[in-house]
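A short worksheet on the structure shown next.
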Amino acid sequence: MVAYPSQREVPAINLEHPGAPQKAARPFFRWRVSAMAFVLPPLPFAQDALEPHMSAQTLSFHHGKHHNAYVTNLNALIADTPLATQSLEEIIRETHGDPSRVGVFNNAAQVWNHTFFWSGLKPGGGGTPSGALLDALTAAFGSFDAFKDQFKQTAVSQFGSGWAWLVLDKGTLRLTKTGNADVPLTSGQVPLLTCDVWEHAYYLDFQNRRPDFVQTFLDHLINWDFVASNFQAAQ
């Protein structure tokens, strides 16, 4: 586990229930080292742990370059402003829809989105969930296979860069997609699972074959324990 200098307990993303009040981060998510700066959270698995489904090279660029750049940009944009003392969710909600602060919103939302995305992956992932989550998916979409088909269509049909999401919306499971950096938090939905469909998420491994990437995500990468935890916390 990565430890950062001067690390301390601070309010951080509640990734198990994003809409809930902030609580002290678990060790993996202690990635804000002061009231003035965010830091790049470490991956919850080794960089090569998702191979052959997601390569170490993809993770090196996606996490080490793209995600890191959003963290760096966000810190630069909020330095010496009132936003510097706010939580990530507070920054996202305060700047959403404000044309004068679109840069802050985009970078803050992308930091949140990517941290959530990594948590939804695991080595040996995919397969079928169980218990209350499986029952809820079957009730909402007709069957688990129907859920997978509809999630794939949601992800593939996102024009350009963006994200596909499974969310809880006023107690109902729904699939939605957001363009660029947008995040369901801003519309009151509770994210349970996301798939990054920006090209940098899959191009080194799949080139232009987004459908193949999304199918691989569904079959081999999803951390259903994380999704089930989010679902339980949102009840």
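Throughout, read-outs are computed from the coordinates displayed, never taken from laboratory work. Predicted, not measured: the structure shown is a model, and the values here were computed from it. Here the Cβ is made from the backbone with ideal geometry for all residues, glycine too, and neighbour counts use every protein chain on show.
Can you list, bin by bin at 5 Å, the percent of alpha carbon pairs in segment 131-234, starting at 0?
Reading the bins upward from 0: 2, 13, 24, 26, 20, 11, 4, 1.
What aspartates and glutamates does LYS177 reach when the alpha-carbon gap must be under 12 Å and sequence neighbours fewer than 8 apart in one chain are set aside?
Answer for LYS177, where 12 Å is the Cα cut-off: ASP196, listed by chain and number.
Can you tell me the FRET efficiency between SER187 and LEU134 if r is taken as the Cβ-Cβ distance and R0 is 22 Å, rounded to the nearest 0.05?
Values: r = 26 Å, r/R0 = 1.18.
Calculated transfer efficiency: 0.25.
Largest first and in whole Å, what are the equivalent-ellipsoid semi-axes of segment 27-119 based on the Cα gyration tensor, each being the root of 5 times an eigenvalue?
26, 14, 11
I want to check the label-to-label distance for VAL102 and THR72. Put each point 7 Å from Cα in the C-beta direction and report it in nm to one decimal.
In this crude spin-label approximation the distance works out to 2.3 nm.
What is the sum of charges around ILE222, taking Lys and Arg as +1, Asp and Glu as -1, for the other residues whose C-beta is under 14 Å from the C-beta of ILE222? Could you put the intermediate results ahead of the total?
Working: positive: LYS122, LYS148, LYS152; negative: ASP196, ASP219, ASP225.
Local charge sum for ILE222: 0.
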